[in-house]
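This report concerns only the one structure given below.
The values are calculated or read from the model by the stated rules, or taken from the named source; none is laboratory data. Predicted, not measured: the structure shown is a model, and the values here were computed from it. Methodologically, a virtual Cβ is constructed for each residue, glycine included, from the backbone with ideal geometry; neighbour enumeration extends over all protein chains shown.
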Amino acid sequence: MRYVHATIELINRVAKPHRIRLVSIVVIAAATMLLLVSFATSADRETVFGPQLGADYANFYIAGTILNSADPSQLYDVRLQGELYHELLPQASHEEILLYPYAPFFAVFLRPFALLPYEWSYCAWLIVNLAAYAVGFLLVWKADPKLNDESLSAALLIALSFMPFILEGWIGGQSVGVIILVIGFAIFCQSRRREALGGFALAVCLFKPTILVLIVPMLIVRRRYRALAGFFSGAAVMCGLSWLAVGGRGLTDYVRLMLVYAKVKSIAPEVFQTHKYVDLASFMRLLTSNQTTLLPVVSAAVSVAVLSVLAYFWWTSDGKWSTMEKLAWASALAWTPVLSPQCAIYDVTLLVPSTLLMFSALSCYDPACVSQSKETLRSLVVLLYLISWITQPVAVATGVQIITIAIIAIGVYALRIAWSSRSGIDPTKHGGRL
């Protein structure tokens, strides 16, 4: 433990706010320059860097295009999606295809983007996604005035330059900004005792249900009935919108596609780029080179153990925006990437609102001790930030997805704070050490 404490102290001596701002600005500037070069060198939507312009955004564009067609019920027609993909990217190999695996209602929001030429559509998506991410971050920040003790500029810059967001999520054309906006709005509504409205907003995340794998159980265990009523009302609206968008045939095709995805994930995981996934099952598969049949058993056992501990803490509840409420949300968000059935590296952005809530919860304790506890958490955040840049090459070379270990460390720290809070102990005592 002496070496752990020494590492924490070293990180906090080096990672001063002005240095964090400088590094973050350099990263954002470099990423923006790469994005501009991608636009400038694009030929048939292929860039000088290799991947196509917009990367994963192509499946969103194709989904919006199909809904804008005469027969939107074909949204999940794999052959049609493949034809449109190769029309959009003529240089892609014949075997290559990028399917749209999300709920039908989300494609409705993509229809306006598909009315534009692809390059302009991708540019508009970048602007919307960036704005959504920043607003979601600020909503969490405004949920509790105790966060005003922290540096907003440094926190926002490090969130914007976080590799899972800026490269894998934003430039990669994913929907991480939308997810953080929805999560941030739900947390903000919770802090203002508008739980039903926040729950309704959470239903938007059903376009990617794995995001809610712990949030909804947390609401159930904590008996947040208003939030749950809002969520299920929102879910009904999303189902209705999906039916109106693609009809019964489209919904049937969607369910069929999801079953195929689950089957392929279980029997042929090599089809997926495992080094891009951070969930526990992918971590174990990389670690053992998929050589043992005990993987599902081990993953399930660890998941059940962690869920049992989480449920134990979630059970304590009150009717206000309390320290335990913040820690319940923080722990659910922190453990989601690990315990989700499938979680790509860009979804690690869920740790952004999670760590903000932990900083807010720590501010509720003894001011004389809280600084050292925040230093511990801050060092974990810095390690996560740095590790995210090297984790995929390391996973390819050695079979170890080290970002998963960093996420687990932050999740364990959230549980440590929650354990102390539930026991009536100030978690900031003794320096808030791990």
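Descriptive notes on the structure:
For every residue, the table says whether it meets (1) in a loop (DSSP other than H, G, I, E, B); (2) surrounded by 24 or more Cβ atoms within 10 Å (Cβ to Cβ); (3) at pLDDT below 90; (4) of a type in the set (A, V, I, L, M).
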{"position": "SER331", "(1), (2), (3), (4)": "no, yes, no, no"}
{"position": "PRO353", "(1), (2), (3), (4)": "no, yes, no, no"}
{"position": "TYR365", "(1), (2), (3), (4)": "yes, no, yes, no"}
{"position": "LYS374", "(1), (2), (3), (4)": "no, no, yes, no"}
{"position": "ARG378", "(1), (2), (3), (4)": "no, no, yes, no"}
{"position": "GLN392", "(1), (2), (3), (4)": "no, no, no, no"}
{"position": "VAL396", "(1), (2), (3), (4)": "no, no, yes, yes"}
{"position": "ASP426", "(1), (2), (3), (4)": "yes, no, yes, no"}
{"position": "GLY431", "(1), (2), (3), (4)": "no, no, yes, no"}
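- Any hit, segment 172-192, residues being outside any loop (DSSP other than H, G, I, E, B) and surrounded by fewer than 17 Cβ atoms within 10 Å (Cβ to Cβ): no
- Residue pairs whose Cβ atoms lie under 8 Å apart, separated by 6 or more positions or on different chains, with the first residue in segment 93-118 and at positive phi and the second surrounded by fewer than 20 Cβ atoms within 10 Å (Cβ to Cβ), do not occur.
- Selection status of LEU80, within 15 Å of TRP120 (Cα to Cα) and either at pLDDT 90 or above or outside any helix (DSSP H, G or I) (or both): no
- Of residues in segment 13-68 being among the charged types (D, E, K, R) and surrounded by 14 or more Cβ atoms within 10 Å (Cβ to Cβ), the one farthest from LEU89 (Cα to Cα): ARG21
- The listed residue being within 22 Å of CYS343 (Cβ to Cβ) and among the polar types (S, T, N, Q), out of SER153, SER161, SER121: SER161
- The one condition from (1) part of a loop (DSSP other than H, G, I, E, B); (2) in contact with a helix residue (DSSP H, G or I) (Cβ under 7 Å, 6 or more places away or on another chain); (3) farther than 30 Å from ALA203 by Cα that HIS94 does not meet is (2).
- Any chance ILE8 is surrounded by 13 or more Cβ atoms within 10 Å (Cβ to Cβ), farther than 30 Å from GLU96 by Cβ, out of contact with any strand residue (DSSP E or B) (no Cβ under 9 Å at 6 or more places or on another chain) and modelled with pLDDT under 85: yes
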